[in-house]
Amino acid sequence: MQNTWLFYALGSAIFAAAINVLAKFGMKGIDKDFATAVRSIVQALVVVGFASIVGVMRNFGQLHGKAMASITATGICGALSWICVFRALQLAPAVKVGPIDKLSMPLGIVLAVMFLRESPSRVNWSGIAMMAVGAYLAAQKG
């Protein structure tokens, strides 16, 4: 299945899109940092459950220093991203926070170019620029 990645990428977009709306809706009257901590526990349980179901939890022997450092760094970045977005949602509407949060897409591509030596085409760069401009425009006051 050549396009399996597309199924997963669309799933990621759909679930990520729901996060800000669900968080904004459900955080009324709840401490944002406590809510983030509970959400993180739930997320960890779901991911460990999934890994157990697909049978990959036995792969601890594959973890070496570089892999653990990378996994730890991504965990820290993910946690800090969540802390920032949920604090932003306490202060501003989801329609403003969401587009700025999604600047992670063009920023991630720039980081991939810088550190992974990936090479987007001119058409790709046009799309990346449109994402950045779109995020800016979407976050503007009506």
In the set GLY98, GLY108, GLY49, which member is surrounded by 12 or more Cβ atoms within 10 Å (Cβ to Cβ) and in a helix (DSSP H, G or I)?
GLY98
Inspect region 15-29 for any residue being more than 25 Å from MET105 (Cα to Cα) and either exposed (fewer than 10 other Cβ atoms within 10 Å of the Cβ) or assigned by TED's automatic domain parsing to the domain that holds LEU116 (or both) and give the result as yes or no.
yes
Does any residue of region 127-134 turn out to be assigned to a helix (DSSP H, G or I), loosely packed, with under 14 Cβ neighbours inside 10 Å, in contact with a helix residue (DSSP H, G or I) (Cβ under 8 Å, 6 or more places away or on another chain) and not assigned by TED's automatic domain parsing to the domain that holds ALA13?
yes
So ILE83 ticks every box in (1) surrounded by 12 or more Cβ atoms within 10 Å (Cβ to Cβ); (2) at pLDDT below 85; (3) not acidic (Asp, Glu) but one. Which box is left unticked?
(2)
Name the residues in region 85-95 that are free of Cβ contacts under 8 Å to residues at least 60 places away in the same chain and closer than 17 Å to LEU22 by Cβ, would you?
ARG87, ALA88, ALA92, VAL95
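Find the residue count for region 1-28, including only residues that are assigned to a helix (DSSP H, G or I) and touching a Leu at 6+ places or on another chain (Cβ under 9 Å). Write out each step before concluding.
Initial filter on region 1-28 (assigned to a helix (DSSP H, G or I)): 4-26.
Narrowing the set further to residues that are touching a Leu at 6+ places or on another chain (Cβ under 9 Å) leaves 20, 23-24.
Number satisfying all stated conditions: 3.
The values are calculated or read from the model by the stated rules, or taken from the named source; none is laboratory data. Since this is a predicted model, take the numbers as computed values, not measurements. All Cβ positions, glycine included, derive from the backbone under ideal geometry; neighbour counts span all protein chains shown.
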